[in-house]
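Heads up, the thing below is written out as structure tokens.
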Amino acid sequence: MLPSLFHPMQMLPMDTDVASMWDTASMDEQGFIRMLALFLTSWLNQHLSLIEADPQYHETHSVCMNYAIMISNVMDKELFKIVLEFWSNLAGSLYAEATATGSGELTPNHEPRYRYALYNNLLSTVRRVIISQMPKPEEVLIVEVDGEPVREFAKDTDTIEMYKAVRITLVYLTHLDPHDTDRIMREMLESIVEGTTYSWHNLNTLCWAIG
């Protein structure tokens, strides 16, 4: 049985735009969202297989996934790290199941097919979120030393480790459905070019994700 104390519908209205309110939220409100993210991802990691398999928990599963997406959209690196680990574990497990036969396709086993179908629509949203949160990769600068061009790497250990974690998650998501990833990137690029969502942040994160 799942813990009876978990009542997701009572914690936060599902139409809450956490990303928009984050910068003006009080420290207590931001702290609540961080604690919610920690609780939610820990709870899901512990009970995910149960709520996936039992139809009576499918509404709970849907609510939890929506909360995770809601929190993932917040432009806060420390908060994103919390939910990123969950998305990476989920995408990694689905990818492992999909390639269990070594063919790169979903196995004929019913369970992997069922799990993939359960997350298929959700993963499209996750791809978009991951791309929009892509950190800057390690910078390579060209400097001149004794008249010769030399590659110099700009070190930012925390950002580099974050980039690696997001990159592997996006790799899993792309292998699960490369056509959807391509479609999302093209749509985001078109929106930037048209000026609908143009900003240096949006342009940079998309370029880093494509790279």
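Please give the peptides 92-99, 179-186, 194-201 ranked by average Cβ packing (other Cβ atoms within 10 Å per residue), highest first, as a rough proxy for protection.
Details: 92-99: 17.0, 179-186: 15.0, 194-201: 10.1.
With the highest mean Cβ count within 10 Å placed first, the list reads 92-99, 179-186, 194-201.
Between ALA100 and residues 5 or more places away or on another chain, which pairs have amide H atoms under 5 Å apart, with H built 1.01 Å from N, and which residues are they?
Excluding prolines and chain starts, which carry no amide H, the hits are THR107.
If Lys and Arg each add +1 and Asp and Glu each add -1, what is the summed charge of the other residues whose beta carbon sits under 14 Å from the beta carbon of MET188? Walk me through the numbers on the way to the answer.
Details: positive: ARG127, ARG128, ARG183, ARG186; negative: ASP180, ASP182, GLU187, GLU190, GLU194.
Once all neighbours under 14 Å are counted, the net charge is -1.
Once the other residues with Cβ under 11 Å from the Cβ of THR169 are scored (Lys, Arg +1; Asp, Glu -1), what is the net sum?
Numbers: positive: ARG127, LYS164, ARG167; negative: GLU85.
Once positives and negatives cancel, what remains is +2.
How would you rank 50-56, 167-173, 24-30, highest first, on the average number of other Cβ atoms within 10 Å across their residues? If you can, show how the numbers build up before the last one.
Details: 50-56: 12.9, 167-173: 19.3, 24-30: 10.6.
Going by the mean number of other Cβ atoms within 10 Å, highest first, we get 167-173, 50-56, 24-30.
For LEU123, what is the net charge nearby, where nearby means another residue's Cβ is under 13 Å from its Cβ and Lys, Arg count +1, Asp, Glu -1?
Around LEU123, the charge tally is +2.
Rule-based calculations on the coordinates, nothing more; no lab input. Computed from a predicted structure; not experimentally measured. Cβ sites come from the backbone with ideal geometry, for glycine too, and all protein chains shown count toward neighbours.
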